[in-house]
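The values are calculated or read from the model by the stated rules, or taken from the named source; none is laboratory data. Note that this is a predicted model, so its numbers are computed, not measured. All Cβ positions, glycine included, derive from the backbone under ideal geometry; neighbour counts span all protein chains shown. We work out accessible area using only protein heavy atoms, side chains counted, and drop any ligands, DNA or RNA first. Shrake-Rupley method; radii C 1.70, N 1.55, O 1.52, S 1.80 Å.
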Amino acid sequence: MDGLTLAFIPIAALLTVTPGSDTMLVVNNTLTRSTSDGLCTVAGINAGLIVHAMASAFGLSMILMNSATAFEFVKLAGALYIIYLGVQSLRRSRSSEGEQSTIVHSQKRSISASIREGFLTNVLNPKVAVFYLALLPQFISPADNLIEKSFQLMIIHLCMGILWFSFITLALGKMRPFISGNKFKKRLEAISGVVFIALGLKMALSKN
């Protein structure tokens, strides 16, 4: 492993553990649904990272960096989706006990919803794409094969994401038996809803 790759590891680790909408989604889905839903959310998030890394490796992220219109479009789409998740969380927090049971049962039948939420939350964040495009080239020397080295760095970051978010999910999963009451879940849904909406508005109103 060369020096540039070794230098990439702590920066990628810092990016991975910094809380954001991905972390909030994992926490919410694990505690209000199930550990399996949390792990599926992790899978969706990391699938989004693969898309960003591939786009960066093949130069597709240049479109977002160089086109203000494209960047604003993706940013708005991501912001609206995060706000949508927030509204859904608030709606669940105010539902009756019978409605809550129906929603939970539906989630258990369609675990793909957690994968989809994780994927869209990550892949619709244009700042991740721009960050990849700005970051990866700093750790690729002129002598390196661009595609090969990009994928090597991607795999490192991907493994970190899988390990970190899986750790969070499994740790929270151990806590679920002690905090699995309907009242707690509703409060968490309400808090998550407010946080998601705030994150979505922050993304929508950001200037870059």
- Query: Which condition number does Thr35 fail, the rest of (1) over 22 Å from Ala198 (Cα atoms); (2) at pLDDT below 85; (3) polar (S, T, N, Q) being met?
  - Reply: (2)
- Quick one: would you say Ala53 is crowded, with 22+ Cβ neighbours inside 10 Å, at pLDDT below 85 and more than 23 Å from Lys207 (Cα to Cα)? yes
- Note on the structure: Note on the range 58-82: residues modelled with pLDDT under 90 and open to solvent by less than 10 Å² (accessible area, probe 1.4 Å) are Ser61, Lys75, Gly78
- Query: Where residues in the range 143-157 are touching a residue at least 12 places away in the same chain (Cβ under 8 Å) and either among the hydrophobic types (A, V, I, L, M, F, W, C) or on the phi > 0 side of the Ramachandran plot (or both), which of them is surrounded by the most Cβ atoms within 10 Å (Cβ to Cβ)?
  - Reply: Leu153
- Query: What are the residues in the range 105-138 that are open to solvent by 40 Å² or more (accessible area, probe 1.4 Å), under 18 Å from the mean Cα position of the chain (by Cα), of a type outside the set (D, E, K, R) and modelled with pLDDT of 80 or more, if any?
  - Reply: Ile111, Ser112, Ile115, Phe119, Leu120, Leu124
- Query: Quick one: Asp2 ticks every box in (1) in contact with a helix residue (DSSP H, G or I) (Cβ under 8 Å, 6 or more places away or on another chain); (2) open to solvent by 30 Å² or more (accessible area, probe 1.4 Å); (3) of a type in the set (D, E, K, R) bar one, so which box is it?
  - Reply: (1)
- Message: Taking the criterion of being surrounded by fewer than 19 Cβ atoms within 10 Å (Cβ to Cβ) and in a helix (DSSP H, G or I), would at least one residue in the range 24-32 satisfy it?
- Response: no
- How do the pairs read when you match residues in the range 5-16 that are farther than 12 Å from Leu135 by Cα with residues anywhere that are open to solvent by less than 50 Å² (accessible area, probe 1.4 Å) and part of a helix (DSSP H, G or I), using Cβ under 6 Å and keeping only pairs 6 or more apart or on different chains? Ala13/Met160; Thr16/Met160; Thr16/Gly161
- Task: With the checklist (1) open to solvent by 30 Å² or more (accessible area, probe 1.4 Å); (2) among the hydroxyl-bearing types (Ser, Thr, Tyr); (3) at pLDDT 85 or above in hand, flag the one item Thr102 doesn't pass.
- Result: (3)
- more than 19 Å from the chain's Cα centre (by Cα), of a type in the set (A, V, I, L, M) and closer than 14 Å to Ile50 by Cα: does that describe Ile155? no
- Report, by residue number, each residue of the range 5-23 that is of a type in the set (A, V, I, L, M) and either in contact with a Leu (Cβ under 9 Å, 6 or more places away or on another chain) or open to solvent by less than 30 Å² (accessible area, probe 1.4 Å) (or both). Ile11, Ala12, Leu15
- Query: Within the range 158-195, restricting attention to residues that are over 20 Å from the mean Cα position of the chain (by Cα) and of a type in the set (A, V, I, L, M), which residue is most open to solvent (accessible area, probe 1.4 Å)?
  - Reply: Met175
- Out of Ser95, Ser141, sole residue that is modelled with pLDDT under 80, outside any helix (DSSP H, G or I) and not aliphatic (A, V, I, L, M): Ser95
- Message: Need pairs with beta-carbon distance below 8 Å; first residue of a type in the set (Phe, Trp, Tyr) and within the range 121-135, second in a helix (DSSP H, G or I); sequence gap 6+ or separate chains.
- Response: Phe131/Leu15; Tyr132/His52; Tyr132/Ala53; Tyr132/Ala55; Tyr132/Ser56; Tyr132/Ser61
